[in-house]
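Reading through the structure tokens given below for one structure.
The values are calculated or read from the model by the stated rules, or taken from the named source; none is laboratory data. Just so we're clear, the structure is a prediction, and the values are computed from it rather than from any experiment. Virtual Cβ from ideal backbone geometry, glycine too; neighbours counted across all protein chains shown. Heavy atoms of the whole protein, side chains included, go into the accessibility calculation; ligands, DNA and RNA do not. Shrake-Rupley method; radii C 1.70, N 1.55, O 1.52, S 1.80 Å.
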Amino acid sequence: MAQIIGLPKLSPTMEEGVLVKWVKKVGDKVSPGDLVAEVETDKANMDFTIEDEGTVLHLFVKEGETVKLGAPVAILGKPGEDIAALIAQGAAPAAAPAAAPPTPAKPAPVAASPAAAAKPAPVAAAAKPAPVVAAAPGPGPAPGGRLLASPLAKTLAVELGIDLRTVTGSGPGGRIVERDVRAAASDGPRAVATTAIVAAPAVASTAAASADTALATVGEQAGDWIDVPASNMRKRIAARLTEAKRDVPHFYLMRRFDPAPLLAFRTRLNALLGDRGKVSVNDLIVKSAALALRRVPACNAAWVGDAIRRYQRVHVGIAVAIEDGLVTPVVRDADLKGLGVVAAEVADLAKRARERALKGHEITGSTFTVSNLGMFNIERFTAIINPPEAAILAVGGISDEPVVKDGAVVPGKRMTLTLSCDHRVIDGALGAKLLAVIVEQLEAPEALAL
């Protein structure tokens with residue numbers, strides 16, 4: 001019997017997906033486990049495999065379309081089945097909202113109720129904001145012709161194309177603040193005045209006037225920017241990192257150390273490995289972080305609302321930049337694996353991340369993350385914690401610089417690690433201990449092989 005197939009949940013945080021490519025077409029037979037489509041989720045491009053058997057009879061979604069989780073994407077059944085009702089059923093959700101809005105005719109209750117009649121609020125509400133601002137006695141320019149506006153308000157005005165001289169400030173002394181600009185923008189054409197600006201009676205300061213005109217002019221130029229639609233992954237990254245930066249109380253710890261022993265150790269390892277693979281500096285840092293988390297288990301944890309969850313296994317996420325986003329594939333039990341295994345896993349995960357070929361379980365479940373920008377010659381940086389983890393290690397590049405050794409300045413190398421900590425879970429001393437163990441192992445890297 002024919003049935004509608006909905007979009008499955010392909011990542012833990014997926015709410016919708018973009019159907020990138022249909023692998024099966026109408027008329028193709030499918031069996032459980034067959035790949036039917038490729039879907040872009042908030043994490044990566046994922047395989048959409050089927051769990052049923054039959055023939056593809058209808059496709060509801062075109063390639064490139066965004067689909068909500070569970071929404072109909074195809075009909076599966078036997079060739080020749082009558083699926084007209086299913087097609088109508090699958091298409092129904094899309095039509096429903098369009099047919100729904102015949103309810104704006106609600107003035108009746110207002111007139112019917114005596115109380116409401118005495119309360120012209122609903123009617124006045126729509127007109128309330130505009131008159132107040134438009135007819136306000138003292139628009140933007142302050143006494144003396146000088147425009148009082150906060151830096152954020154000025155920047156926002158440029159972005160939104162608002163002439164600040166048409167805006168009434170609600171801040172101290174009539175200062176224009178962010179909310180005034182946003183209110184003006186929401187008022188539409190009135191506030192987005194172009195060159196037909198109300199001539200201020202006393203524009204005493206020519207410089208100020210020209211600056212204001214410049215603000216308005218810059219904001220009005222069409223074609224000065226291009227809005228690139230955000231992918232699902234970019235939207236999700238934006239939401240998660242904004243949430244993390246806003247809700248997680250970060251603090252940062254930095255350590256500089258001498259990476260020369262680490263580089264020498266890596267050279268010896270790669271000589272031993274020969275053509276069986278390579279170990280990178282990042283692999284050694286991942287391994288060191290994993291071992292350090294085993295030695296300082298209180299940092300291998302997460303804040304879960306009313307408790308601190310301490311993980312019993314160490315899974316290290318590796319931040320990998322891809323074409324239009326960022327993913328963090330996970331090396332599970334990184335503390336228990338040999339350096340060669342860790343290196344091979346990191347290389348494989350990074351390669352498949354760039355090919356968008358990772359599976360859902362390979363990008364979830366990390367208990368700590370390592371983010372490395374050393375290859376981009378970034379000396380040091382701070383990273384935003386990847387929730388629900390309690391810390392992330394930011395790895396800078398190796399630089400040649402003069403160092404003091406035995407009382408003399410000699411050529412040397414330095415590298416900086418920055419640990420971002422969730423203060424709800426990790427206090428300063430605890431974070432410092434974790435970072436010290438990581439560095440201690442990197443300066444005596446033979447410890448990583450024990």
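For the reader, a short list of remarks on this structure follows.
- Looking at V439, V425, V409, just one residue is touching a strand residue (DSSP E or B) at 6+ places or on another chain (Cβ under 8 Å), over 22 Å from R266 (Cβ atoms) and either touching a residue at least 12 places away in the same chain (Cβ under 8 Å) or of a type in the set (S, T, N, Q) (or both), and that residue is V425.
- Answer residue from the stretch 174-193, given it is farther than 12 Å from A157 by Cα and open to solvent by less than 70 Å² (accessible area, probe 1.4 Å) and is modelled with the lowest pLDDT among those: G188
- Of the residues in the stretch 428-443, none is more than 28 Å from P297 (Cβ to Cβ) and outside any strand (DSSP E or B).
- Looking across the stretch 11-35, the residues that are open to solvent by 10 Å² or more (accessible area, probe 1.4 Å), of a type in the set (V, I, T) and either over 23 Å from A321 (Cα atoms) or at pLDDT below 75 (or both) come down to T13, V23, V26.
- Filtered residues of the stretch 253-271 (kept if open to solvent by 80 Å² or more (accessible area, probe 1.4 Å) and within 22 Å of L435 (Cβ to Cβ)): M254, R255, R256
- Residues that are touching a strand residue (DSSP E or B) at 6+ places or on another chain (Cβ under 9 Å), open to solvent by 20 Å² or more (accessible area, probe 1.4 Å), under 15 Å from T369 (Cα atoms) and at pLDDT below 95 are absent from the stretch 299-313 altogether.
- Qualifying position, being at pLDDT 90 or above, within 30 Å of V39 (Cβ to Cβ) and in contact with a strand residue (DSSP E or B) (Cβ under 9 Å, 6 or more places away or on another chain), among V281, V286: V286
- Check on A44, modelled with pLDDT under 85 and open to solvent by less than 40 Å² (accessible area, probe 1.4 Å): yes
- Scope the stretch 52-70; condition within 15 Å of G6 (Cβ to Cβ), open to solvent by 20 Å² or more (accessible area, probe 1.4 Å) and modelled with pLDDT under 90; matching residues: D52, E65, T66, K68, L69, G70
- Only one of the numbered conditions (1) open to solvent by less than 20 Å² (accessible area, probe 1.4 Å); (2) in contact with a Gly (Cβ under 8 Å, 6 or more places away or on another chain) is violated by A292, and that is (2).
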